[in-house]
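Report on the following structure.
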Amino acid sequence: MKQSIITFAILSLCISSLPSTSAQVTNLPCTFRNFEGFYECFLTALIIPDNEITNYAFTGTHLPGQSHATVERLNIQGSRAYFIIRQAFTSFPNLRVYSFTAAVAGNTMRFQQDAFLNASNLQQIVITGAGLNTIAPNSLAGAPNLQILNLQNNQIASLPHNLLDGATSLVHFNLMQNQLTEINQGFFSRNTNLTIINLNNNQLTNLPQILLSQTRLLTQFHAQSNQINAIGRRFLSNLDALTTLSLLTNACVSQNFVNINPGNINLVHTALQNCYNNYGGSAELRQYRMNLRGSMTLWREDGSLVGTL
Ligand SMILES: *[C@@H]1O[C@H](CO)[C@@H](O)[C@H](O)[C@H]1NC(C)=O
Ligand SMILES: *[C@@H]1O[C@H](CO)[C@@H](O)[C@H](O)[C@H]1NC(C)=O
């Protein structure tokens, strides 16, 4: 009896001293420095296992007069990480730039649903060459001050329809060099401050009629080296500020247009006749199907509204 009590005591001692998974802390040793106009935490050659539960802590010695509260940029290069390190936004409450570039070869990455939940001061996301291939719906909802989203050179094949709904301050959108086959007609509908959209080097096959109907400040739209064979006739209707339209190397058009103004926009329309003629039919039907989940809005082929059911 006595022996079993002692055994029990030893056993429970062992169990209670086992670290629980959520209590694990992994230190990320920053080099704090002033670089490219930012006070930043620089990290390189970091290998982070695929474990979101781990609590990551940023360590390192600050420059005189600086602290975690003054860090403006997280700059991770040549590293491996499969997800956004959310703790960056609570450790560095004034973080303005999250940058993860030139990942270790073969890296893949995802935006978790709550990746940017505490990123209320974030202005730029720069994630390039990182193997980013999965973006959870609404994952940018916590970043209302985001101005630049640069996801160039990743493996993004589709985008959640509501991704940019909360990002109303967005000015630059760069998804160049990915594998996008389609972009929903309402994707930019809340982003009225957008001035540059870059979709070069993807696999888009059409540009929906009302894709840019709310981006009236847009000056540049780039979609060269895609497979575009159809463009809605009213695609350019609301773009009074547009100066540059890149459509070189597509199926229905292969030309870049620069110095566009109201005086020469008709030349652009003329060059896009084939694309306009190809629009309708299958492209329109695909857009209707996408809308069936919520309400259904119907447009005629010329872009005028039929009604909403
Ligand atoms: C957001 O911040 C709160 C308060 O610091 C913290 O408890 C929570 O875990 C954070 N959420 C995420 C997803 O980082
Ligand atoms: C859009 O830009 C204007 C002018 O820079 C600015 O005043 C406004 O706050 C911006 N809107 C949003 C939602 O960020």
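Annotations
Here's the yes/no breakdown for (1) within 16 Å of ligand 1 (Cβ to nearest atom); (2) surrounded by fewer than 23 Cβ atoms within 10 Å (Cβ to Cβ):
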{"residue": "155", "(1), (2)": "no, yes"}
{"residue": "166", "(1), (2)": "yes, yes"}
{"residue": "171", "(1), (2)": "no, yes"}
{"residue": "174", "(1), (2)": "no, yes"}
{"residue": "183", "(1), (2)": "no, yes"}
{"residue": "196", "(1), (2)": "no, yes"}
{"residue": "205", "(1), (2)": "no, yes"}
{"residue": "218", "(1), (2)": "no, no"}
{"residue": "227", "(1), (2)": "no, yes"}
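- Matching residues in the range 99-115 - criterion: being within 20 Å of residue 73 (Cβ to Cβ) and touching a Lys or Arg at 6+ places or on another chain (Cβ under 8 Å): 99, 103, 115
- Any hit, the range 200-217, residues being over 19 Å from residue 140 (Cβ atoms) and within 16 Å of ligand 2 (Cβ to nearest atom): yes
- When residue 173 is tested against the conditions (1) part of a strand (DSSP E or B); (2) under 25 Å from residue 57 (Cα atoms); (3) within 16 Å of ligand 2 (Cβ to nearest atom), the lone failure is (2).
- The residue that is nearest to ligand 1 (Cβ to nearest atom), counting only those in the range 108-125 that are closer than 19 Å to residue 42 by Cα and open to solvent by less than 30 Å² (accessible area, probe 1.4 Å), is 119.
The values are calculated or read from the model by the stated rules, or taken from the named source; none is laboratory data. These numbers were taken from a predicted model, which means no experiment stands behind them. All Cβ positions, glycine included, derive from the backbone under ideal geometry; neighbour counts span all protein chains shown. Keep in mind that these areas ignore ligands, DNA and RNA; they rest on the heavy atoms of the full protein, side chains included. Shrake-Rupley method; radii C 1.70, N 1.55, O 1.52, S 1.80 Å.
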